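Here is the structure we will look at, set down as structure tokens.
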Amino acid sequence: MRLPRIARLIAIGFATLGLSGCAAPARFYVNPQADMSYYKKIAVLPFSNLTQQGFAGERVTRAFVTELVITDRFQVVEPAEFRAVLARVGVESNIESGIDPDKLKEAAAQVGATGVVRGAVSEYQMQRAGQEEVPVVSFDVELLDAATGNVVWRVSLSRKGHGRLPLVGGGARTFGRVTQEACEQAVAVLRGKAF
């Protein structure tokens with residue numbers, strides 16, 4: 001049986017919407033003067049948490065590091081290891097208030113990193129969507145040149161999960177899944193534009 005043309009178009013529209021999930025387009029910047037091949041070993045600062053959820057920064061940091069490792073593009077210095085080096089050079093344990101650029105440069109040099117990843121989680125909450133609540137995760141992440149502090153690349157994105165009855169193919173209803181999808185999306189954008 002052939003569907004009328006309008007029914008086929010509606011079905012294609014719903015399928016596309018279902019497959020794309022609730023992913024907003026990521027905003028990104030790539031420094032046109034940066035030599036991307038220079039950044040082979042990078043250190044990761046634990047992401048700042050600007051939300052009311054106590055572990056949001058840690059959760060997004062871990063998911064983002066996982067996606068970076070999967071690319072097999074960088075040698076990644078783990079956030080806990082880098083935090084220990086920062087403490088040795090005199091950076092306070094509360095790094096969310098900012099880090100002296102000279103101390104950051106010194107710490108990066110001690111671990112042999114040419115770049116430092118830092119980020120901030122701005123949203124990590126349940127949001128009403130019709131009769132249901134769905135998880136929403138938003139964050140910014142950037143790579144800084146360890147020697148100069150210049151931004152090499154930067155990505156900003158927000159991702160919303162699905163309710164119980166998504167249109168097509170299951171749905172992301174947990175913070176863990178939505179966080180993973182957001183980090184996958186951020187790294188996929190970077191892969192196509194920066195590495």
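Which of the three applies to segment 42-123, rounded, prolate or oblate, going by the alpha-carbon gyration tensor with a ≥ b ≥ c and a/c under 1.5 meaning rounded? Since a/c reaches 1.5 but b/c is at least a/b, the shape of segment 42-123 is classed as oblate. In this structure, Glu92 and Gln33 have a Cβ-Cβ separation that, at R0 = 25 Å, corresponds to a calculated FRET efficiency of about 0.15. For Lys41, the aspartates and glutamates whose Cα comes closer than 12 Å to its Cα, not counting residues fewer than 8 places off in the same chain, are Asp72, Glu78, Asp145. Listed by chain and number, the lysines whose C-alpha is less than 20 Å from the C-alpha of Lys40, apart from same-chain residues fewer than 8 away, are Lys105, Lys193.
Any read-out appearing in this document is the output of simple, stated calculations on the displayed coordinates, not a laboratory observation. Owing to the predicted nature of the structure, the values given are computational and were not obtained by experimental measurement. Cβ: placed from backbone, ideal geometry, glycine included. Neighbour counts: every protein chain shown.
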